[in-house]
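One structure is given here, and the rest of the page talks about it.
The values are calculated or read from the model by the stated rules, or taken from the named source; none is laboratory data. Being a predicted model, the structure only gives us computed values, none of them experimental. Cβ placement follows ideal geometry from the backbone for every residue including glycine, while neighbour counts extend to all protein chains displayed. Surface accessibility is based on the protein's heavy atoms, side chains included, excluding ligands, DNA and RNA. Shrake-Rupley method; radii C 1.70, N 1.55, O 1.52, S 1.80 Å.
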Amino acid sequence: MDSTSAKLMNYRTTTSALACNDKNSAIGEKVHSSTAQNLTPENLPIHFHLLADSLQKATLSRLHTLESSLNAIYPTKIHIHTLKQAEFEALNPWGEAGANWCAYFRLKLGDVLPKQMKRALYLDVDTLILQDIRELFYYDLGQCAIGAVRSGLSGDSIKIVRERKIKPQDYFNSGVLLIDLPKWRAKNLALIHTAEYAEYADQDFLNLIFKDSVCFLPYRFNLQWLAESRMHFDNLPPRKNSNGITSYPSAIGFREFASALVSPAIVHLLGGYKPWEKQNFQADPSKPPIFTKNPYHKLWWALARQSPFAMQLILSYYKRAAITTARAYLLAYAPCAYTLMRPFVRTLKSLKYTLQ
């Protein structure tokens, strides 16, 4: 048995943490499923710590069902920590499921996780696990507090980079964080409330407070895929194509990007390419819509259909997809009809909220 295998056999638990609210708890559930299904059978329990503001009884029941089904695959425990968004409401909101402050919950990890715990892996709810990620728990962070992956796109347009607080090549994406908890707890994360930079929720703050204590992980541990039309590798400034879509320079070299694409461990479904959403990437609404799917779209849905949240996810997707598609085609081919329909739609929404 090699030294890594010996360490794995002696390790008692693997801990992952996610932040969500009731609107995207079903999305976070896919992180649980894809993680558990990509662990090798060593009988070492994995603990998921779900950071949430409020979860409905139906959601809690589905999570309990999920925990039971995952236990049939691999020893699993789901812990739920209830936090309050109100603590962060003075800060910039974030989130595709409607503006919220759940992203800031990760700053509370040091408070909610057991004090004896030494290391944790934070995952955004829009990640897809494709390989056994326990090797991350033995990744040598040296004296660093966190391990993170560089942002996929150049940070030149980000304020803290423009003002030279962070080097462009050192700006990391906070969607996957390998955390040395004692060192994490040693930082005064309450400073977020007076942070000068908050363009991307707490990501800018984390980049600043850990800029001298971050170990950069290989890109395959946070593969941030974007369509070819939205990124380029020639180090030239941002540019627009004939459809008005802006392409940004990649912060990752082509070889590392290609290597991660061949063998990704964690895929980050960001940039509007989420399998549970449908987005029109056409910059000019008067032109025919452009719908682009993430290459992991089918795989994500294959997992989603096996989950206790399957029907909720499917119905939600088709509802939003129908609205997005109708809006895009109306704007492109019948803009007058779209303009006439808007007051009617607003009235229906107001009536719906009144009846609720």
What whole number of Å gives the distance from the Cα centroid of segment 39-89 to the Cα centroid of segment 115-137?
14
Work through the residues other than residue 145 whose Cβ is under 13 Å from its Cβ and net out their charges, Lys, Arg +1 and Asp, Glu -1.
+4
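After finding the eigenvalues of the alpha carbon gyration tensor for segment 129-224, what semi-axes result from the square roots of 5 times each, listed largest first in whole Å? Walk me through the intermediate numbers first.
Details: eigenvalues 96, 58, 24 Å².
Here the semi-axes work out to 22, 17, 11 Å.
Where does segment 84-189 land on Rg(C-alpha)/(2.2 N^0.38 Å)? List each step's numbers first, then the result.
On the way: Rg = 15.1 Å, N = 106, 2.2 N^0.38 = 12.9 Å.
Here the answer is 1.17, to two decimals.
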Counting Lys +1, Arg +1, Asp -1, Glu -1, what net charge surrounds residue 241 among other residues with beta carbon under 13 Å of its beta carbon?
+2
Whole-percent carbon and sulfur contribution to the accessible surface of segment 136-274 (1.4 Å, no ligands, DNA or RNA) stands at 50
With a 1.4 Å probe and all protein chains in place, put 329, 171 in order of accessible area, largest first.
329, 171
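How much length, in nm to one decimal, is gained on full extension between residue 229 and residue 330, taken as 0.36 nm per residue of separation minus their Cα-Cα distance? All intermediate terms of the calculation are to be shown ahead of the outcome.
Numbers: separation 101, 0.36 × 101 = 36.36 nm, distance 2.43 nm.
Difference between extended and current length: 33.9 nm.
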Counting only protein heavy atoms and rolling a 1.4 Å probe, one gets per residue an accessible area for segment 213-356 in Å² of 58
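Show 104, 338 ordered by accessible area, largest first, where the area counts protein heavy atoms only and the probe is 1.4 Å.
Result of the area sort, largest leading: 338, 104.
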So, taking all protein chains as they sit and a 1.4 Å probe, how much accessible area belongs to residue 82, in Å² rounded to tens?
90
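Could you sort the peptides 50-58, 121-129 by per-residue average Cβ neighbour count (10 Å cutoff), highest mean leading? Show your work: numbers first, answer last.
Working: 50-58: 16.4, 121-129: 24.1.
The most tightly packed comes first, giving 121-129, 50-58.
Report the full-extension gain for the segment residue 157 to residue 239: residue separation times 0.36 nm, less the Cα-Cα distance, to one decimal in nm.
Details: separation 82, 0.36 × 82 = 29.52 nm, distance 1.29 nm.
Taking 0.36 nm per residue and subtracting the Cα distance, the gain is 28.2 nm.
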Please list the radius of gyration and Dmax for segment 111-270, considering alpha-carbon atoms only, with Å as the unit.
16.2, 56
I'd like the distance between the alpha-carbon centres of segment 141-203 and segment 259-320, rounded to an integer number of Å.
27
Using the crude model of +1 on Lys and Arg Cβ and -1 on Asp and Glu Cβ, and no other charge, please compute the dipole size for segment 119-257 relative to its Cα centre, in debye to 20.
220
Residue-normalised value, i.e. accessible area per residue, for segment 72-130 at 1.4 Å probe, in Å², stands at 45
Segment 234-305 - convex hull of alpha carbons, volume per residue in Å³
112
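Going through the cross-link list 293/319; 167/293; 115/187, which pairs have a Cα-Cα distance over 24 Å in this structure?
On the way: 293/319 17 Å; 167/293 32 Å; 115/187 15 Å.
Violating the 24 Å limit, Cα to Cα: 167/293.
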Once you've got the Cα coordinates, tell me which of 57/159; 240/278; 240/274; 77/183 are over 32 Å apart.
57/159
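What fraction, in whole percent, of alpha-carbon pairs in segment 43-96 exceed 14 Å separation?
Values: 906 of 1431 pairs.
In whole percent, the share of Cα-Cα pairs in segment 43-96 beyond 14 Å is 63.
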Treating the Cα atoms of segment 207-251 as identical point scatterers in vacuum, please give the log10 of the normalised Debye intensity I(q)/I(0) at q = 0.16 Å⁻¹, two decimals.
-0.61
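Using a 1.4 Å probe and counting only protein heavy atoms, arrange 118, 187, 298, 274 so the residue with the most accessible area comes first. Show your work: numbers first, answer last.
Working: 118 130, 187 75, 298 170, 274 10 Å².
Descending accessible area places them as 298, 118, 187, 274.
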For residue 153, distant residues with modelled amide H under 5 Å away
251
